[in-house]
1. Which of [x] 14.8, 43; [y] 16.8, 57; [z] 13.9, 45 is the computed Rg and Dmax of the Cα atoms in Å for the structure on display?
2. For the chain, what relative contact order do you get, as a whole percent, if you take Cα pairs closer than 8 Å and at least 6 residues apart?
3. Can you list the residues, at least 5 places off or on another chain, whose amide H is less than 5 Å from the amide H of Ile8, using H built in the peptide plane?
4. Can you check what the net charge comes to around Pro49, using other residues whose Cβ is under 13 Å from the Cβ of Pro49 (Lys, Arg +1; Asp, Glu -1)?
5. What length, rounded to one decimal in nm, is gained on full extension from Lys18 through to Asp54, with 0.36 nm per residue of separation minus their alpha-carbon distance?
6. Report, in debye and to the nearest 20, how large the dipole of the chain comes out about its Cα centre when Lys and Arg carry +1 and Asp and Glu carry -1 on their Cβ.
7. On a 0 to 90° scale, report how tilted helix 53-69 is relative to the longest principal axis of the chain, with both axes built from alpha carbons and the result rounded to the nearest 10.
8. Find which of Thr40, Tyr62, Gly17 sits farthest along the positive direction of the dipole of the chain, computed with +1 on the beta-carbon of Lys and Arg, -1 on that of Asp and Glu, about the Cα centre.
Amino acid sequence: MSPDFPRITRDPAVMGGKACIRGMRVTVGMIVGQIGAGATIEELLADYPYLERDDVVEAMRYAAWLAQEREIDLAPVG
């Protein structure tokens, strides 16, 4: 059973079906990538004024949920 993510949409006609925020051309991957690169939520909201704080939080929750759904074996270091 998947959690409820009302702000996350998937439409084959929008961004090739990638998970997006409220049907816009802003992908969950873009948001997570920006946060991973060091951007703050406040910086994202300033750069993308059509986003809401809850959009960013839900994108992070969605990404965390996806990461819990599968395990990937990583090659040992060294």
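1. Correct label is [z].
2. Details: 66 pairs, mean separation 18.5, N = 78.
Over the chain, the number comes to 24 percent.
3. Amide H neighbours of Ile8, under 5 Å, 5+ apart: Arg22.
4. Values: positive: Arg53; negative: Glu42, Glu43, Asp47, Glu52, Asp55.
Cβ neighbours under 13 Å give a net charge of -4.
5. On the way: separation 36, 0.36 × 36 = 12.96 nm, distance 1.89 nm.
Length gained between Lys18 and Asp54: 11.1 nm.
6. Details: 8 positive and 12 negative charges, 48 e Å.
That gives a dipole near 240 debye.
7. Relative to the chain, helix 53-69 is tipped by roughly 20 degrees.
8. With unit charges placed on the Cβ atoms, the residue in question is Gly17.
Just so you know, all these numbers are worked out from the coordinates, no wet-lab data involved. Source: prediction; values computed, not measured. Quick reminder, even Gly has a Cβ in these numbers, built from the backbone with ideal geometry, and neighbours come from all protein chains shown.
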